[in-house]
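Asks: Next up is a structure, given as structure tokens.
The values are calculated or read from the model by the stated rules, or taken from the named source; none is laboratory data. As the structure is a computational prediction, the values presented were derived from the model and not from experiment. Note: ideal-geometry Cβ built from the backbone for every residue, glycine included; neighbour counts use all protein chains shown.
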Amino acid sequence: MVSGLIITLKSASRKLLSVLLMCFVCSVGMAESTRTARQVFNDLILSDTASRDTLLDELAQYGDPEIASIYESWRTGGIYTSGEGESRKILQFAAEQWTLVASGEPVSLSDAELAAAQKTRASRSVRKAMKSLLDTLGLKAEDPLVRINSAIKMGRSQKADFVPALDARLKVETDATVRDAILEALAISLLANGDEAEKLVAVQTLDKMNSVAARAFIEKVLEVEVAESRSNQVLAETCSAALISIEEHVRLMEFFGSFFRGFSTGSVLLIVSFGLAITFGLMGIINMAHGEFVAIGGYTTFMVQNFFINTWGISSEAFGWYFVVSLPLSFLVAAVIGLLLEKSIIRFLYRRPLESLLCTWGISMVMQQGFRLIFGAANVQVNNPTWLMGNLSFGGFNMSYTRLFIMFIALVVVILTWLLLRKTNLGLHIRAVMQNRGMASGLGIPVGRVNSMTFALGCGLAALGGSVLSQIGNVGPLMGQQYIVDSFMVVVIGSVGNLLGAGLSAMGIGLVDQLLQPSLGPVMGKITVFFVIILFLQWRPGGLFPARSRSLDD
């Protein structure tokens, strides 16, 4: 019994040793087979005809962008061999520097080594094989965006050579977004290279994906089917149905796009016009220089950006914070300038609307010339921070992060303005002065200080609008002029001094303007908006929420 136990233990130990030995051999083999693309390319340059195909197949598994760089040097005579036998090295000469192809490490060559180095070039057969390999190189890249762009390029070329590569990559791709791009590219390729059954499946696939890029390719298939008058009309009917479906999807996306742009445009108008609604409703001042305070916000953002670039650099992580800093700083700078303007000029123009209009118009001309003298007549460039770049995709519809952030800022402005007017003493005083200036003064409210603070608040809000505008438009001396007319329309339609009406009219004007532009064009769309506003004011001269304000009757 003991001897049987010993035999069993020996047998088990032998099996354990054999398993461990196999694992060791496999690990060693895996370690030896794990090579970089550079090492494989190095062996390819040294290889003979017999092993060349194997090395090309191995190199095709990599997505390293350095493959293209090394091949270009090999093709144009930038690859050299140095030494003999096992010490033979492959060198790449690029950008006035020698590097080892196998590792990419820079090396220094003596005069003797330079003299002994021999130039080598790729043969015709290798160039032909490498061309196919390089065309599909992007499908294996680590960056998903590179793989998507490569698939799109391959699909739209409709080359038959790309169909196997796309099909093979589709089977191993794990990223859902990249898989959709490859599937779309493969279906577009099959429209030109597949048989009738494959074309039918490809059209159905593109129809389900609502592929806008495939419209022209499906139209070509339909034209061929109609021209040849095939007895089997299934493919032609499927193409027609797919084109109708894709066209409906395009119209829907255009509508949502116009709706989204309308909301973002309305958000900018809301920020700019809120300050105008407060100052106009409180003081009866027609401030034609309000647009120049929008430009102050844009130029403040530009100066903050340059400070961050000069201090930390445009590629640093700190640069992304410049816009966050510029928002409150733009508000403060414009508020201070507005406060000084009110105390020096505006306070003498109360209850004199015509004089205030002419005076502020002159101030706007002076400010525009000042911008030209300081910053130049040309527009200045304001870069978007990286966290505002890109789009948010939802159901095939893309919403830019910049416009989403503008809508968020507009919501914050609405909330903070409401809290200021409803929850603070200054807000109570502003509402009292707007209702009855004389009564408010008789009750001890400092009307002059309220006027100054309110005008500064309105100028600060205008600059805040200019700061966000710098992310979607140009910053120049006249950047506020295109919004001043729309801002006055917002104030008049929403009823003078009524912030709820100003918010609703801002969104309404922005939406109507953007929804009309695709069908009528920018000019006729704007003219139509003006015409609708005129008709509305004929019906309701007091705006959406008309209310008598004694401050306007004094």
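Asks: Could you run through the range 402-453 and say how many residues are of a type in the set (S, T, Y), in contact with a Leu (Cβ under 9 Å, 6 or more places away or on another chain) and surrounded by fewer than 17 Cβ atoms within 10 Å (Cβ to Cβ)?
Replies: The number of residues fulfilling the criteria is 0.
Asks: Residue check: is L341 surrounded by 15 or more Cβ atoms within 10 Å (Cβ to Cβ) and touching a Ser or Thr at 6+ places or on another chain (Cβ under 7 Å)?
Replies: no
Asks: Let me ask another. What residue, among those in the range 454-496 that are farther than 15 Å from G275 by Cβ and among the hydroxyl-bearing types (S, T, Y), is surrounded by the most Cβ atoms within 10 Å (Cβ to Cβ)?
Replies: Checked the range 454-496; the qualifying residue surrounded by the most Cβ atoms within 10 Å (Cβ to Cβ) is S470.
Asks: Something else: Give me the residue from the range 169-199 that is surrounded by fewer than 14 Cβ atoms within 10 Å (Cβ to Cβ) and over 31 Å from the mean Cα position of the chain (by Cα) and, out of that set, nearest to E225 (Cα to Cα).
Replies: Taking the candidates together, the pick is E196.
Asks: Continuing with this model, one more query. What number goes with the only condition from (1) over 30 Å from L191 (Cβ atoms); (2) modelled with pLDDT of 80 or more that S87 does not pass?
Replies: For S87, the failing item is (2).
Asks: Hey, among the residues in the range 8-62 that are under 28 Å from A129 (Cβ atoms) and of a type in the set (K, R), which one's modelled with the highest pLDDT?
Replies: It comes out as R38.
Asks: Are there helices (runs of 4 or more DSSP H) fully within the range 68-174 with at least 2 residues that are free of Cβ contacts under 8 Å to residues at least 24 places away in the same chain and outside the structural domain of L56 (by TED's automatic domain parsing)? List them.
Replies: In the range 68-174, 144-157, 162-172 are the helices (runs of 4 or more DSSP H) which contain 2 or more residues that are free of Cβ contacts under 8 Å to residues at least 24 places away in the same chain and outside the structural domain of L56 (by TED's automatic domain parsing).
Asks: Identify all residues within the range 295-328 that are crowded, with 18+ Cβ neighbours inside 10 Å and more than 24 Å from the chain's Cα centre (by Cα); write none if there are none.
Replies: Hit for the range 295-328 is I296, nothing else.
Asks: Hand me the list of helices (runs of 4 or more DSSP H) wholly inside the range 404-488 holding 1 or more residues that are in contact with a His (Cβ under 8 Å, 6 or more places away or on another chain) and more than 30 Å from G262 (Cβ to Cβ).
Replies: 437-442, 447-469
Asks: Is it true that V163 is surrounded by 12 or more Cβ atoms within 10 Å (Cβ to Cβ), out of contact with any Ser or Thr (no Cβ under 8 Å at 6 or more places or on another chain) and closer than 30 Å to F394 by Cα?
Replies: no
Asks: Have a look at L114, L46, L55, L91 and point out the one that is within 24 Å of G138 (Cα to Cα) and among the aliphatic types (A, V, I, L, M).
Replies: Only one candidate passes the filter, namely L55.
Asks: Scan the range 415-461 for residues that are of a type in the set (V, I, T) and free of Cβ contacts under 8 Å to residues at least 60 places away in the same chain and report the count.
Replies: The qualifying residues number 4.
Asks: Can you give me the number of residues within the range 131-161 that are farther than 18 Å from A37 by Cα and among the polar types (S, T, N, Q)?
Replies: Qualifying residue count for the region: 4.
Asks: Turning to a different aspect of this structure: In this structure, is A202 under 26 Å from R251 (Cβ atoms), hydrophobic (A, V, I, L, M, F, W, C), touching a helix residue (DSSP H, G or I) at 6+ places or on another chain (Cβ under 7 Å) and surrounded by 14 or more Cβ atoms within 10 Å (Cβ to Cβ)?
Replies: yes
Asks: Looking only at residues that are farther than 20 Å from E72 by Cβ and aliphatic (A, V, I, L, M) in the range 121-153, which one is surrounded by the fewest Cβ atoms within 10 Å (Cβ to Cβ)?
Replies: L145
Asks: Output yes when any residue across the range 248-259 is over 26 Å from L404 (Cα atoms), part of a helix (DSSP H, G or I), charged (D, E, K, R) and not assigned by TED's automatic domain parsing to the domain that holds Q435, and no when none is.
Replies: Checked the range 248-259: no residue is over 26 Å from L404 (Cα atoms), part of a helix (DSSP H, G or I), charged (D, E, K, R) and not assigned by TED's automatic domain parsing to the domain that holds Q435.
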